[in-house]
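Asks: Next up is a structure, given as structure tokens.
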Amino acid sequence: MTPATGAPLGLGVLASGRGSNLQAILDATAVPGFPARVAVVVSDRERAQALERARARGVPAVWLNPKDFGDRPAYDAALTGALEAHGVGLVCLAGFMRILGPAFVRAWAGRILNVHPALLPAFPGLAAQRQALEHGVKVAGATVHFVDEGVDTGPIVLQASVPVHPDDTEESLSARILVEEHRLYPEAIRLFAERRLTIVGRRVLVR
Ligand code: GAR
């Protein structure tokens, strides 16, 4: 993998929708001296705003249509092909709403990050903010974690909390959490690119 002093680490960002986390990553990596750059953006949805955001920055934008592949392993192999073709050293899931198969996760073990809008291990899976509101928690937040074969179960890199207000809606809470996602994700990428992260069992040690 790329040393902190050499060429910037190539990021492959996988996104299915709006792409605001991708935008935060694009903005952070555009700052001179940032130790990573976005090498390619891949989406499973043709009309994902994330693909437009990539094109607007001159970053290769690839649509991989699940319907073009017979099964998950075939899709995941194409994904790996696209990432390798662009020299990716770290895969960043940013609102990618497809489960990645075990072969993909093993092939990229220790080199896939995800952002999740909850303080994991609370509220994994879909609609985390709604789950938090329905549970009545007073504190919610964002997590950046390494991806393992479970759903939102991998070792945690960074977390940030936000308060939950009595009058919060899913939208207002999501917006508050998103601010933290946009701050944490580039920071986690920087730590990885600077080789300051070590996974020890369930824990991620930060140097
Ligand atoms: C973000 O809130 C991200 O945490 C969430 O989807 C949103 C994508 O927004 N991901 C998950 O819920 C994954 N379990 P974005 O497309 O604007 O970055």
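Asks: How far apart, in nm, are the 7 Å Cα→Cβ label points at Arg18 and Ala85?
Replies: 3.0 nm
Asks: Quick check: net charge around Ala128, other residues with Cβ under 12 Å of its Cβ, Lys/Arg +1 and Asp/Glu -1?
Replies: Charge balance near Ala128 sits at -3.
Asks: If I model a spin label as a point 7 Å beyond the Cα along the Cα-Cβ vector, how far apart are those points for Arg55 and Ala160 in nm?
Replies: 3.1 nm
Asks: Further, regarding this structure: For segment 12-132, what class follows from the C-alpha gyration tensor (a ≥ b ≥ c being the square roots of its eigenvalues): rounded when a/c is under 1.5, otherwise prolate if a/b is larger than b/c, else oblate? Write down the numbers at each step before the final one.
Replies: On the way: a/c = 1.37, a/b = 1.05, b/c = 1.30.
It comes out rounded by the Cα gyration axes.
Asks: Please state, to two decimals, what the Cα-based radius of gyration of the chain comes to when divided by 2.2 N^0.38 Å (N = residues). Could the numbers behind the result be given before it?
Replies: On the way: Rg = 16.4 Å, N = 207, 2.2 N^0.38 = 16.7 Å.
Ratio of Cα Rg to 2.2 N^0.38 Å: 0.99.
Asks: What does the convex hull of the alpha-carbon atoms of segment 21-67 project to on average, in nm²?
Replies: Average of the hull's projected areas for segment 21-67 equals 3.2 nm².
Asks: Here's something else I'd like to know. Could you give the length gained on full extension between Arg196 and Glu171, defined as 0.36 nm per residue of separation minus the Cα-Cα distance, in nm?
Replies: The Arg196-Glu171 span can extend by a further 5.6 nm.
Asks: Which sequence of Leu9, Leu197 reflects their accessible areas, 1.4 Å probe, from the largest down? Walk me through the numbers before you get to the answer.
Replies: Values: Leu9 5, Leu197 30 Å².
From most accessible down to least: Leu197, Leu9.
Asks: Per-residue accessible area for Glu84 at 1.4 Å probe radius, Å² rounded to 10?
Replies: The value for Glu84 is about 120 Å².
Asks: Then there's this: Return the loop-located trypsin sites (Lys or Arg not before Pro) in segment 36-125 (DSSP other than H, G, I, E, B) with at most 11 other Cβ atoms within 10 Å of their own Cβ; answer none if there are none. Walk me through the intermediate numbers first.
Replies: Working: sites: Arg37, Arg45, Arg47, Arg53, Arg55, Arg57, Lys67, Arg98, Arg106, Arg111; in loops: Arg45, Arg47, Arg57, Arg98, Arg111.
Within segment 36-125, the qualifying trypsin sites (Lys or Arg not before Pro) (loop, at most 11 other Cβ atoms within 10 Å) are Arg47.
Asks: Please compute the per residue accessible area over the chain with all protein chains in place, 1.4 Å probe, rounded to a whole number of Å².
Replies: Computed with neighbouring chains in place, this is 48 Å² per residue.
Asks: If I compute solvent accessible area with a 1.4 Å probe over the protein chains, what percent of it on the chain is carbon and sulfur?
Replies: Roughly 55 percent of what the probe reaches on the chain is carbon or sulfur.
Asks: Any chance you could look up the accessible area of His135 with a 1.4 Å probe, heavy atoms only, rounded to 10 Å²?
Replies: His135 exposes around 130 Å² with every protein chain in place.
Asks: Can you give me the distance in nm between label points at Arg72 and Arg47, each placed 7 Å from the Cα along the Cα-to-Cβ direction?
Replies: Simple spin-label model gives 2.7 nm for this pair.
Asks: Rounded to the nearest 500, what is the 222 nm mean residue ellipticity of the chain from helices alone, with -39500 (n - 2.57) per DSSP H run of 4+ residues and division by all residues?
Replies: The per-residue figure over the chain is -10500 deg cm²/dmol.
The values are calculated or read from the model by the stated rules, or taken from the named source; none is laboratory data. Here the structure is a predicted model, which is why all the values come from computation and not from measurement. Heads up, the Cβs are rebuilt from the backbone with ideal geometry, glycines too, and the neighbour counts pull from every protein chain shown. Heavy atoms of the whole protein, side chains included, go into the accessibility calculation; ligands, DNA and RNA do not. Shrake-Rupley method; radii C 1.70, N 1.55, O 1.52, S 1.80 Å.
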